[in-house]
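The values are calculated or read from the model by the stated rules, or taken from the named source; none is laboratory data. Owing to the predicted nature of the structure, the values given are computational and were not obtained by experimental measurement. Cβ coordinates were reconstructed from backbone atoms using ideal geometry, including for glycine residues, and neighbour counts include every protein chain displayed.
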Amino acid sequence: MAEKRDYYEVLGVQKNANADEIKKAYRKAAIQYHPDKNPGDKEAEEKFKEAAEAYDVLSNPDKRARYDQFGHAGMSGAAGGGASGFEGFGGFSMEDIFSQFGDIFGGHFGGGFRSSGGGRRVNRGSDIRIKVRLTLAEIASGVTKKLKINKTVACDQCGGTGARDSNSYSTCSTCNGTGYVTRIENTFFGRMQTQSSCPTCGGTGKVITSPCDKCHGEGTLRGQEVVEIKIPAGVGEGMALTVSGKGNAAPHGGINGDLLVIIEEEPNAELLRDGNDLIHNLNITIPTALLGGTVEVPTVDGRAKIKIAPGTHAGKVLRLGGKGLPDVNGYGHGDELVVVDITVPAKLNAEEKRLVEQLAGQPDFQKAESVKNQNIFERMKSFFR
């Protein structure tokens, strides 16, 4: 499978391009690669679809923000493209592209950006947003979830058309079956022609004369669907994954909306996430700090034993390489950072107090010094190395 190109590269714009620049770039690319201008040219058709996919993401502020943060993984849910069940815009047909983006060209381009149905607009169902809560272990390995979604579904009696049968239609009198209306306006720049979806038939070109008895002409009913979602490893709080076509069904047939899966992280009592790194606060006893020893620490895949060197001080950071979380785009793993703290008893009995007083008289216990002359700022810097 070919690697997806960067969406900004596809449209030939900078990453700080504004909405107008993105729209102009898409118009230019769509005109250049439009199937009517390149009949039978599969390469041009793929570039036309690629431009539409890029515009679908970059023209939507929410999708663009996810793409800027997570790359293609944020749109498809697949780090490296391996997650089945998540589809990008590539799953749409040419009909879908025309129905969603055809109006960007209006009538100025002669109505060339119409679907094979003669310019009739295809309805699209609304999107559904759900939240999925994941543990650190699930984030570390990736997980498949089965979710029961309450949504509108196509009526099983009329097949989503809203009509009693195939003879229960008449041609729309407002648009004469074209699905769109054309307006000519006199402006400062001259006569301008624009096209928009017909307000009477909603762009279908026909009206229902005998509605379905079950859905009463809507074409949809309330229902449920069990959706299997494969979530890739390394996702983060607030990341949204798109499952194409699993949103609400469109009235009177058309394209289903999308299912947007918003990731929430379940807090972990022992591990704190910092990007792809994990942080654990380790409490050790005074004897362990002085004499050294072996202790256990939690990781995302179980517990691990680490050695504490003699003379370990509070605030020391031990790094467990590769024990963090995987990068959602497949760029390796983070680390686990173990921050050492020393537990000091709140109370001492008489014998313990006597022993400590004996130690306090020893030369090495007479003066408090910074460890290896390392001040607090240097210690903080070492934390991020």
Quiz item: Which numbered condition trips up residue 322, out of (1) touching a residue at least 24 places away in the same chain (Cβ under 8 Å); (2) in a loop (DSSP other than H, G, I, E, B)?
Solution: (1)
Practice problem: Determine whether residue 84 is of a type in the set (Ser, Thr, Tyr), modelled with pLDDT under 75 and within 21 Å of the chain's Cα centre (by Cα). | Solution: yes
Quiz item: Residues of region 274-319 being of a type in the set (A, V, I, L, M), touching a residue at least 40 places away in the same chain (Cβ under 8 Å) and within 30 Å of residue 73 (Cβ to Cβ), which ones?
Solution: 278, 279, 297, 300, 317
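Here are some residues: 10, 57. Which one is under 19 Å from residue 242 (Cβ atoms), in a helix (DSSP H, G or I) and touching a Lys or Arg at 6+ places or on another chain (Cβ under 6 Å)?
Answer to the check: 57.
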Quiz item: Just checking, which of 234, 245 is farther than 23 Å from residue 60 by Cα and either in contact with a helix residue (DSSP H, G or I) (Cβ under 7 Å, 6 or more places away or on another chain) or of a type outside the set (Ser, Thr, Tyr) (or both)?
Solution: 234
Practice problem: Output the number of residues of region 129-171 satisfying the condition of being out of contact with any Leu (no Cβ under 8 Å at 6 or more places or on another chain), closer than 23 Å to residue 299 by Cβ and either surrounded by fewer than 18 Cβ atoms within 10 Å (Cβ to Cβ) or not small (Gly, Ala, Ser) (or both). | Solution: 7
Practice problem: Keeping to region 228-268, report how many residues are over 10 Å from the mean Cα position of the chain (by Cα), under 30 Å from residue 202 (Cα atoms) and buried (at least 18 other Cβ atoms within 10 Å of the Cβ). | Solution: 15
Quiz prompt | Matching option when the condition is outside any strand (DSSP E or B), assigned by TED's automatic domain parsing to the domain that holds residue 148 and at pLDDT 90 or above, among 234, 202, 223 | solution = 234
